[in-house]
Amino acid sequence: MTQQETHLQQARASLQQALSWYSSVRRHWNYPPNPELQAAVRPDLQALKASLEKLEQNFIKIATFGLVSRGKSAVINALMGQKMLESGPIHGVTKWPKSVRWTPPSGKIQVEFIDTPGLDEIDGEQRAIMAREIAEQADLILFVISEDITRTEYEALLGLRKTSKPLILVFNKIDLYPEKDCQEIYQQLQKIGQKSQEKSQLLIVPEDIVLIAAAPQPIPILVKYPDGTTAEEWETPAPKIDALRNKILTILNQEGRSLLSLNALRQAEKAEENIARKTVKIRQKEAEEIIWKYVKYKSLAVAINPIAIFDLIGGAITDLGLIRSLAQLYGLPITSYEAGKLWRKILLSSGGLLLGEIGSSVILGLGKSALAASSLFDNPGLLTTYSSTAIMQGGIAGYFTYIIGKAAQEYLEKGCSWGPLGPSMVIKTILNQVDPNTIIYRLQN
């Protein structure tokens, strides 16, 4: 089995697990169904199903971005070898996103090209929304330019890079430049591979810059007729598209299924995060009731228990039960082991606050145990001291549980990609396995 097939199987298993869980868990809740919650998460469940279907269909989506009149539609037409999209010298021919399908020579993967309007002909906020939505759907991005990169293009590149999608910078219309000027522009483009100011990720690398002429301008040629006369006619050269076509085909053959898997997993990861966030918000009142219930139970149990070690063991079990009860309320997949990992994570991230509370509880618990070992009947004054100590320790224990509950809510709201088949974990596994020479690997730089 190839690495790509392994990645595809891992992604498929992850999505099937998520769908199985979120589709069935609500039937096993100990809480009544919430129509508001069911309606809120329905789009996210549909997104999970769509991600799995995309894997099964083996469809790679390639989106083109760029400013007006950079030749985005012409690039797609040239790649397909036929005119499928309208293009021309008119400013902004493409007014809304369009899709066309292409079957590469290998036939193993189907490709859907997405042509987008010029980024500079759509208002700022609307442009950002359109670009983000299409980029999230895409498995590979072609960013088309036709001159020195502008500030608008540079900012657009930064935004697209944040989507963590592989990107090819396509320098189109090289037929309009003398060879010397073309090489100077190419060298300038290589310099934008420097570290961006916003994060330490390479914006673009030289290997992912391709020079083409998707729709070369007609050139004059001298035609000599049989009678010896000559005339000047205009001839349109064939597109210079081989470099980009070969680049795309290489990526599809070597990384296509891995790209498909990563994008499906990222969409699933986002869907699960949305489900968690919406569920936490809608179930807030019930969650507060659960937290306070455990606070009362723990406070009372710790206060009346005379043996210090049992306070710690029982308190930890109570906290784990609280975390699992919250997860069950939210319908989020979490096992006892994972609840324990979350409990320890909360302890370590508390800045020592909760550890200090535990220390105080231990000291009070030992003091309470010592008092319990004394004869309260021989010295009735010890009963008052014992009671005060027990109440204080119970209050501290309850406060500790309340903090655990609120922290658990925050962690659960970020999504539960728990276990080895969780989308987050599978994404990390795939990124750690890919070859350093691949475009996927360069996303980590």
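The values are calculated or read from the model by the stated rules, or taken from the named source; none is laboratory data. Everything numeric in this text was worked out from a predicted model, so none of it was measured. Cβ sites come from the backbone with ideal geometry, for glycine too, and all protein chains shown count toward neighbours. Accessible surface is based on the protein model in full, side chains and every heavy atom, while ligands, DNA and RNA are left aside. Shrake-Rupley method; radii C 1.70, N 1.55, O 1.52, S 1.80 Å.
General remarks:
- Rounded to whole Hz, the Karplus (6.51, -1.76, 1.60) HN-Hα couplings of segment 147-157, x for glycine and proline: 6, 3, 5, 8, 5, 4, 5, 5, 5, 5, 4
- Rolling a 1.4 Å probe over the protein heavy atoms leaves Glu410 with an accessible area of roughly 120 Å².
- Label point distance in nm, Lys341-Thr250, each placed 7 Å from Cα along Cα→Cβ: 3.8
- Taking other residues whose beta carbon is less than 10 angstrom from the beta carbon of Phe59, and scoring Lys, Arg as +1 and Asp, Glu as -1, yields -1.
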